Amino acid sequence: MVVLDACGAGALPDAADYGDAGTNTLAHVAEAVGGLELPTLERLGLGSILPLCGVERAQSPVLHGRLHALGPGKDSTAGHWELMGVVMPRPLPTYPGGFPNEVVELIGALSGRAVLCNRPSNGVEAIEQFGAEQVRSGSLIVYTSQDSVLQVAAHVDQVSPDELYMICRQVREQLPAEHAVGRVIARPFEGTPDAFRRTDGRRDFSVAPPARSYLEDLQANGVEVHTVGKVGQLFAGVGVDVQHPGATNAQALGETAELLGSLRSGFVFTNLIETDQVYGHRHDVAGFHRALREIDAAVGTWLERLGPDDLLILTADHGCDPASPRTDHTREHAPLLAVFDGHRSRRHDGPLADAGASVLAWLAGREAPGMPGASFV
C-alpha cells in the first residue's frame, strides 16, 4: 500500500465544517499546470475516479474509486490510522492560538531552553522568521498548524539532532493528557540565515493508536509488516516489524522497490511525503506535478514485477489543495487504485478502512470482526 501524501480527490461532505468546501487537490493541481502527464496512473484508471485535466478515462481500469474518513481530522495521523481501521472517537487537540503556558513551561523544563514563535506557522516560514534568533540564543522554535502537532525546530550546529530527538521524545512522554497532540515533530535545519533549509532528519513522535489496527491483525496471522517513511512513526511502532527510511520520495521509492524484490511475502506500507511536505504546503503546483510524474514512473516499474499473488494499493490520506487560501491540509476523499487478479475493472467507493480490510483478506484470508471496513478484493 502506497500513500501519495496529500493527494486528495475532492471535498468530503463535511468539508465546509473545516473551512474546506470545494477543495479538490488533484483536480486543482491538474488545472494549474495545464494538465497532468501521468501515463501509468492514467492507464490504471486515475481519470476514471474523477475528471482530471490531462488524464483520460481508462478503457480497462483496475479497481478504482474514492475512500472517505469515518472520523474527524484531516492530517497524516488520522488518515493513516483510518486506512488501518483505527477511527478516532474525537479530534486530537489543536492550538490555533499557540500552546498554553503549561506546555511551553514543560518544553523549557525538559530542554533547558527558551521557546520562540509558539503559534501556527508554515514550517519554512517559522525557520525563516526565527532561525537567526534560534542560532543566536539557542532557544527552540516551537510551532503548530491546523493539525494536532507540536513541532520543534533547531539548527544542527546549535542543537544536535540527537539532542532535539531526545527533547521531543521526552515532551511526547510527558505531555499532559489534555494536551496529547497527535505528533511531536523534530525539525532540524541547517545553513546560514540567508539560506536556512530543513534537513532530511525529521522525526515524528506520535501518540499510540487508541484501538487495535489491521497491522496488529496482520502480525497475529503471521504476516510481517514493513513500513517505509513516516508510517511506522505515525503508529508509534505498534503493529510494525521493521521500519525503513524514506525521508524523501526518492529514498522511499527506492526502499519500496528493494522490498518488492527481496521479500517473499509480507506487507509493505509506504508514505511518499513530498507531495505534502515539500510541495503541497507551499502551493508549488509545478513541484507537485513533478513529484507525481516521478511516482508514476516508479509505479510503472513495479507493475512489471507484480505476480498473481500480489496486491498493490495506491491511495492518499487527506488533501492539501493549492487553490485553498490557506497552506494547511484539506478535508478530502482519498483516491483508490488497486491492482490485483480479479479486479474486474470495478469501481469501489467506501471508507478508508476498506484498504486495511482488503490487505488482511488478501494476505491472511480472513476478516476482523468488529473492525471498520470491508474487503474489496
| task | Check Asp309, Asp341, Asp317 and return the single one that is within 26 Å of Pro89 (Cβ to Cβ) and not in a helix (DSSP H, G or I). | result | Asp317
| If you check Phe205, Phe235, Phe269, which single one turns out to be under 15 Å from the mean Cα position of the chain (by Cα), hydrophobic (A, V, I, L, M, F, W, C), at pLDDT 95 or above and more than 30 Å from His155 (Cα to Cα)? | Phe269
| query | Restricted to segment 320-334, and to residues that are of a type in the set (Gly, Ala, Ser) and assigned to a loop (DSSP other than H, G, I, E, B), which residue is surrounded by the most Cβ atoms within 10 Å (Cβ to Cβ)? | reply | Ser324
| task | Determine which member of the set Leu150, Leu116 is aliphatic (A, V, I, L, M), part of a strand (DSSP E or B) and more than 25 Å from Gly229 (Cα to Cα). | result | Leu116
| If the Cβ limit is 9 Å and pairs must be 6+ apart or interchain, which residue in segment 191-220 that is outside any loop (DSSP other than H, G, I, E, B) pairs with which residue that is open to solvent by 20 Å² or more (accessible area, probe 1.4 Å) and polar (S, T, N, Q)? | Arg198/Gln277; Arg203/Gln233; Asp204/Gln233; Phe205/Gln233; Ser206/Gln233
| said: Restricting to segment 166-190, name every residue that is part of a helix (DSSP H, G or I) and basic (Lys, Arg). | reply: Arg169, Arg172
| query | Of these, Leu306, Leu337, Leu352, which one is modelled with pLDDT of 95 or more, of a type outside the set (Ser, Thr, Tyr), touching a strand residue (DSSP E or B) at 6+ places or on another chain (Cβ under 9 Å) and surrounded by fewer than 20 Cβ atoms within 10 Å (Cβ to Cβ)? | reply | Leu306
| Within segment 74-115, which residues are open to solvent by less than 40 Å² (accessible area, probe 1.4 Å), out of contact with any His (no Cβ under 8 Å at 6 or more places or on another chain) and of a type outside the set (A, V, I, L, M)? | Thr77, His80, Trp81, Glu82, Gly85, Tyr95, Gly98, Gly108, Ser111
| request: Mind listing whichever residues of segment 165-190 are without any contact (Cβ under 8 Å) to a residue 60 or more places away in the chain and either surrounded by fewer than 23 Cβ atoms within 10 Å (Cβ to Cβ) or in contact with a helix residue (DSSP H, G or I) (Cβ under 9 Å, 6 or more places away or on another chain) (or both)? | output: Tyr165, Met166, Arg169, Arg172, Glu173, Ala177, Val184, Ile185, Ala186, Pro188, Glu190
| remark: Of (1) assigned to a helix (DSSP H, G or I); (2) under 29 Å from Gly79 (Cβ atoms); (3) open to solvent by less than 50 Å² (accessible area, probe 1.4 Å), Ile141 fails just (1)
| Of the numbered conditions (1) open to solvent by 20 Å² or more (accessible area, probe 1.4 Å); (2) in contact (Cβ under 8 Å) with a residue 40 or more places away in the chain; (3) in contact with a Phe, Trp or Tyr (Cβ under 8 Å, 6 or more places away or on another chain), Gly123 satisfies every one except a single condition; which is it? | (1)
| Which pairs do you get when a residue that is touching a residue at least 40 places away in the same chain (Cβ under 8 Å), found in segment 271-296, comes within reach of a residue that is in a helix (DSSP H, G or I) and of a type in the set (Ser, Thr, Tyr), reach meaning Cβ atoms under 7 angstrom, with the pair 6+ apart or on two chains? | Phe288/Thr275; Ala291/Thr275; Leu292/Thr275; Asp296/Thr40
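The values are calculated or read from the model by the stated rules, or taken from the named source; none is laboratory data. Keep in mind that this is a model prediction, so the values were computed, not measured. Note that we place each Cβ from the backbone using ideal geometry, even for glycine, and neighbour counts take in every protein chain shown. Heavy atoms of the whole protein, side chains included, go into the accessibility calculation; ligands, DNA and RNA do not. Shrake-Rupley method; radii C 1.70, N 1.55, O 1.52, S 1.80 Å.
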